[in-house]
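Reading through the structure tokens given below for one structure.
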Amino acid sequence: MKQIEVKKIIEPISTSDGAGVKLKRSIGVEPNYFDPFLMLDEFGSENKDDYIAGFPPHPHRGIETVTYMLEGEFEHEDSTGAKGRMSSGDVQWMKTGGGIIHSEMPAMSEGKLHGFQLWINMPAKLKRNKPEYIYIDAKQMKVYKDLEKKIKIIAGKFGDIEGPVKGHNVEPIYFDVELEKDKIFNFNLPSTHNSFIYLIEGEIKIGDKNHDKIKNSTLIVLSKGEKLNIKGLIKSKFLLVSGKPIGEPIARGGPFVMNTKEEILEAIQDYQNETFVR
Ligand code: MN
């Protein structure tokens, strides 16, 4: 089995989106495309001015948005009629398909907000589907725990424990891992997949080869292989995300990701003509 090593270490850039929410973007900056992952944002602040403006109504087409709240509360509402509140530890996995218009607004006026939004591409054959949700309540989250680590399983399987996102075309793995100092997290990944680690806090050593120091809020793109081992140099928290590449041409236009420029223009026209949601 091939050992997985660090391929690239990416420091996120500070940017803002929505109506002015400050965030750290690590995938989707150039914009690079790390098939099937289109974007990764970490949002988080103890200062309400950094998040209070939220994400007022906006459209999406052709992608999945996976929002993971670590701390704080969000109110969401969309064109399917769905409405709800996301609380600490909840995950909203939304397949936008052919089109959705939604808003994501902080349901808090003070305190700490912290979370992630990941965009996953959809293949041509699924880009026109009806919008669909998978909602994971923090209380229903599948968790593996021993003295060395705690793993929240949002997607994929750790030992016998399987997350709720099943039968998905990119066969995603999405773990939130808490690793104690000097302990090792071992996991086998499919060699077909593209994978990354996002270190939330702490300091870790990945693989066998030497690499630059990896500390808080850093994206680490992994080489392809099967055998992943990560050591906590201090107590650390990180996300492990992995998915099978889709391998189709992509065209991006803000919140729309399709295969061709014509399809992006179609999405913009549909939105302007109010024929976006079908
Ligand atoms: Mn959105």
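Read the figures in this text as sums done on the coordinates, not as results from a lab. This structure is a prediction, so every number in the text was calculated from the model and none was measured. As a convention, Cβ positions derive from the backbone with ideal geometry for all residues, glycine included, and neighbour counts pool all protein chains shown.
The calculated FRET efficiency for Leu265 paired with Ser191, based on their beta-carbon distance and R0 = 35 Å, is about 0.40.
Annotation for the range 206-235: trypsin sites (Lys or Arg not before Pro) lying in DSSP loop with at most 16 further Cβ atoms inside 10 Å of their Cβ are Lys209, Lys213, Lys224, Lys235.
Qualifying GluC sites (Glu not before Pro) in the range 43-134, where qualification requires a DSSP coil assignment and no more than 16 other C-beta atoms within 10 Å, comprise Glu46, Glu73, Glu110.
Among residues other than Glu46 with Cβ under 11 Å from its Cβ, the summed charge is -2 (Lys and Arg +1, Asp and Glu -1).
Annotation: extensible slack from Ala124 through Glu73 equals 15.0 nm (criterion: 0.36 nm per residue apart, minus Cα-Cα distance). Per residue of the chain, the DSSP helices (runs of n ≥ 4 H) give a summed -39500 (n - 2.57) that works out to -1500 deg cm²/dmol at 222 nm.
With both labels modelled 7 Å from their Cα along Cα-to-Cβ, the Arg85 to Asp35 distance reads 4.3 nm. Ratio of Rg to Rh for the chain: 0.95 [Cα atoms; Kirkwood radius as inverse mean 1/r over pairs]. Straight-distance candidates among the lysines for linking to Lys261, with alpha-carbon spacing under 19 Å and chain neighbours fewer than 8 residues away dropped: Lys125, Lys127.
Within the shell defined by Cβ-Cβ distances under 15 Å, the residues around His102 carry a net charge of -2, with Lys and Arg each +1 and Asp and Glu each -1. Working from label points 7 Å from Cα in the Cα-to-Cβ sense, the Ser16 to Lys209 distance is 4.0 nm. Modelling each spin label as a point 7 Å along the Cα-to-Cβ direction, I'd like the Gln3/Ser217 distance in nm, to one decimal. About 3.2 nm, to one decimal. For the chain, the longest principal axis of the C-alpha atoms and the axis of helix 261-272 are separated by about 60°.
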